1. Using 0.36 nm times the number of residues separating residue 4 and residue 26, minus their current alpha carbon distance, what extension gain do you get?
2. If you wrap a convex hull around the Cα atoms of the chain, how much volume per residue is inside, in Å³?
3. How do 56-63, 25-32 rank on mean C-beta neighbours within 10 Å, highest first?
4. Using packing as a proxy for protection, rank 3-11, 42-50 so that the peptide with the highest average count of other Cβ atoms within 10 Å comes first.
5. When the helices in the chain are scored as -39500 (n - 2.57) per DSSP H run of 4 or longer and the sum is shared across all residues, what 222 nm value do you end up with, to the nearest 500 deg cm²/dmol?
């Protein structure tokens, strides 16, 4: 989990809660947007990690194949 994404989601939850309590629709909306932004950042980070894992796996397989030849 990305720290930036988690921070944005937490900040968003706080803003949304404050917006609900105070009746401030703008703050509530900003909070929801921050949460979405955080989730998106986490998703991108997850994809990067998965791609790196696939790359490492393929590189390792290629090395194994070369050693067998």
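Each reported figure results from applying straightforward, stated rules to the coordinates on display, with no laboratory input. Because the structure is predicted, anything quoted here is derived from the model rather than measured. Ideal geometry is used to build each Cβ from the backbone, glycine not excepted, and the neighbour counts take in all protein chains shown.
1. Details: separation 22, 0.36 × 22 = 7.92 nm, distance 2.26 nm.
Between residue 4 and residue 26, full extension yields an extra 5.7 nm.
2. Dividing the Cα hull volume of the chain by its residues yields 47 Å³.
3. Details: 56-63: 10.0, 25-32: 15.2.
Highest-to-lowest ranking by the protection proxy: 25-32, 56-63.
4. Working: 3-11: 15.7, 42-50: 12.4.
Ranking the peptides 3-11, 42-50 by packing returns 3-11, 42-50.
5. Values: 2 runs with 64 residues, N = 69.
-33500 deg cm²/dmol, from helical runs alone.
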